[in-house]
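Structure first, commentary second.
The values are calculated or read from the model by the stated rules, or taken from the named source; none is laboratory data. What you see is a predicted model; the values in this text were computed from it and never measured. No Cβ is skipped: glycine too gets one built from the backbone with ideal geometry, and neighbour counts run over all protein chains shown. SASA here: full protein model, heavy atoms, side chains in, ligands and nucleic acids out. Shrake-Rupley method; radii C 1.70, N 1.55, O 1.52, S 1.80 Å.
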Amino acid sequence: MTIIITAFEKSPDGGKGLARDTRVRWALEEAGLPYEVRLVSFRAMKEPAHLARHPFGQIPTYEEGDLVLFETGAIVLHIAQHHAGLLPNDADARARAIAWMFAAVNTVEPPILEFMTARLFEADKPWAAARLPLVADRVRDRLKPLSARLGNADWLDGAFSAGDLMMASVLLRLRASGILDEFPNLAAYVARGEARPAYKRAFAAQLAINAG
Ligand SMILES: N[C@@H](CCC(=O)N[C@@H](CS)C(=O)NCC(=O)O)C(=O)O
């Protein structure tokens with residue numbers, strides 16, 4: 001059955017891989033699944049056809065026959081549960097990998113989004129200079145324990161899993177700010193993720209749409 005995902009017709013990041021379709025593409029590549037992409041404009045995202053796929057009018061979405069999904073965590077989990085390569089076979093290890101997926105989107109991503117919003121979209125506000133350091137510290141409050149838990153390991157819990165895919169995808173959005181480099185083991189962790197052939201294919205595919 002053909003898998004179709006949605007992505008920005010023109011991503012605001014110009015192809016840096018920060019739009020969230022990249023993490024879905026990465027999961028599909030890890031699982032060795034071919035897919036097609038439906039590109040949507042900002043206007044089309046808020047129109048009925050897309051709202052039927054995504055109630056909040058966002059990307060990415062995932063279609064496979066009659067199944068339509070939104071939310072990258074749910075999409076990546078669906079892919080990981082139905083195809084080899086993204087979750088361990090051992091039941092407990094599988095549950096822990098899923099916990100890391102939730103930690104990525106529920107605990108680590110929110111302060112990063114808040115920080116990116118403050119940095120990119122609120123920089124002209126009169127209160128921006130006072131607020132940004134507070135928001136940056138909230139990101140550090142999450143990265144410190146994450147860095148401590150990762151330690152010298154390559155991945156968060158044994159072999160690479162969907163938990164690492166989600167966590168690295170969330171963290172890499174921080175790179176331009178310099179905060180990631182304050183935690184060398186996390187910077188190396190993200191670089192390890194980006195060095196995976198599946199990530200490189202995912203990155204190249206989104207770049208091909210957004211370059212130029
Ligand atoms: N929690 C959602 C977030 C989706 C999201 O924020 N998508 C962004 C692109 S990366 C988007 O569509 N932004 C445009 C908008 O919200 O109108 C997920 O992980 O799928």
Checked the range 103-126 for anything touching a residue at least 24 places away in the same chain (Cβ under 8 Å) and of a type in the set (Gly, Ala, Ser); matches are Ala103, Ala104
Taking the range 109-128 and keeping residues of a type outside the set (A, V, I, L, M), open to solvent by less than 40 Å² (accessible area, probe 1.4 Å) and within 13 Å of the ligand (Cβ to nearest atom) leaves Glu109
**Asked** Any residue at all in the range 176-193 that is closer than 17 Å to Ala27 by Cβ and charged (D, E, K, R)?
**Response** yes
Checked pairs for the range 199-212, first under 18 Å from Val76 (Cβ atoms), second basic (Lys, Arg) and buried (at least 17 other Cβ atoms within 10 Å of the Cβ), C-beta under 7 Å and 6 or more apart or across chains, list as Ala202/Arg25; Ala205/Arg25; Gln206/Arg25
In the set Arg131, Arg192, Arg142, Arg173, the lone residue that is assigned to a helix (DSSP H, G or I), surrounded by fewer than 16 Cβ atoms within 10 Å (Cβ to Cβ) and in contact (Cβ under 8 Å) with a residue 24 or more places away in the chain is Arg192
